[in-house]
Amino acid sequence: MLKKGDLAWTPSDTTLVKLDDFGETVTQWCRVVVPTHVVVLSEPDGPYQEILYRSEKWLARTLDMYEINKEEVNSNVG
């Protein structure tokens, strides 16, 4: 379960969205072209989580978000 502040990854072809002020209509969308790392900015809210992708806040489906293997990250550092 991902929580606020976690580093996560999302696979290619994931669609990210931004909603209007009422949270009802998609105002922008983008497609992740390659698997990429994102920062989780909120706890799960329904089917979406707010993330930081390319220095912008987006919503991603929680189902499209995966935890990063912490042992793999530690072995790649330093």
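Heavy atoms only, probe 1.4 Å: what % of the accessible area of the chain goes to carbon and sulfur, would you let me know? Present the calculation step by step, with values, prior to reporting the outcome.
On the way: 2980 of 5690 Å².
For the chain, the apolar C and S fraction of the accessible surface comes to 52 percent.
How large is the helix-only mean residue ellipticity at 222 nm for the chain, computed as the sum of -39500 (n - 2.57) over DSSP H runs with n ≥ 4, divided by its residue count, in deg cm²/dmol to the nearest 500?
Numbers: 1 runs with 7 residues, N = 78.
After summing the helix terms and dividing by residue count, I get -2000 deg cm²/dmol.
Can you give the charge dipole size of region 1-57 about its Cα centre, rounded to the nearest 20 debye, using +1 on the beta carbon of Lys and Arg and -1 on the beta carbon of Asp and Glu? Working shown, then result.
Details: 6 positive and 9 negative charges, 53 e Å.
That gives region 1-57 a dipole magnitude of about 260 debye.
Just to confirm the filter: which trypsin sites (Lys or Arg not before Pro) across region 35-68 are DSSP coil and have at most 16 other Cβ within 10 angstrom of their Cβ?
Details: sites: Arg54, Lys57, Arg61; in loops: Arg54.
Passing both the DSSP loop test and the Cβ count: Arg54.
Loop-only chymotrypsin sites (Phe, Trp or Tyr not before Pro) in region 13-57, please: DSSP not H, G, I, E or B, and at most 15 other Cβ atoms within 10 Å. Kindly include the intermediate steps, with their values, before the conclusion.
Numbers: sites: Phe22, Trp29, Tyr48, Tyr53; in loops: Phe22.
Here the chymotrypsin sites (Phe, Trp or Tyr not before Pro) that fit, given the DSSP loop and packing criteria, are Phe22.
Suppose R0 equals 30 Å; then what is the FRET efficiency for Arg54 and Thr25 from their Cβ-Cβ distance, rounded to the nearest 0.05?
Values: r = 22 Å, r/R0 = 0.74.
Rounded to the nearest 0.05, the efficiency is 0.85.
Given the chain, what whole percent of its Cα pairs are spread farther than 17 Å?
So the portion of pairs separated by more than 17 Å is 44 percent.
In whole Hz, with x marking every Gly and Pro, tabulate ³J(HN,Hα) for region 19-29 from phi via Karplus 6.51 cos²θ - 1.76 cosθ + 1.60, θ = phi - 60°.
In residue order, the calculated couplings are 10, 5, 4, 8, x, 10, 10, 6, 9, 8, 8 Hz.
The values are calculated or read from the model by the stated rules, or taken from the named source; none is laboratory data. Predicted model, so just to flag it, every value in this text is computed and none were measured. Heads up, the Cβs are rebuilt from the backbone with ideal geometry, glycines too, and the neighbour counts pull from every protein chain shown. The protein model used for the area step is the full one, side chains on, heavy atoms only, and it has no ligands, DNA or RNA in it. Shrake-Rupley method; radii C 1.70, N 1.55, O 1.52, S 1.80 Å.
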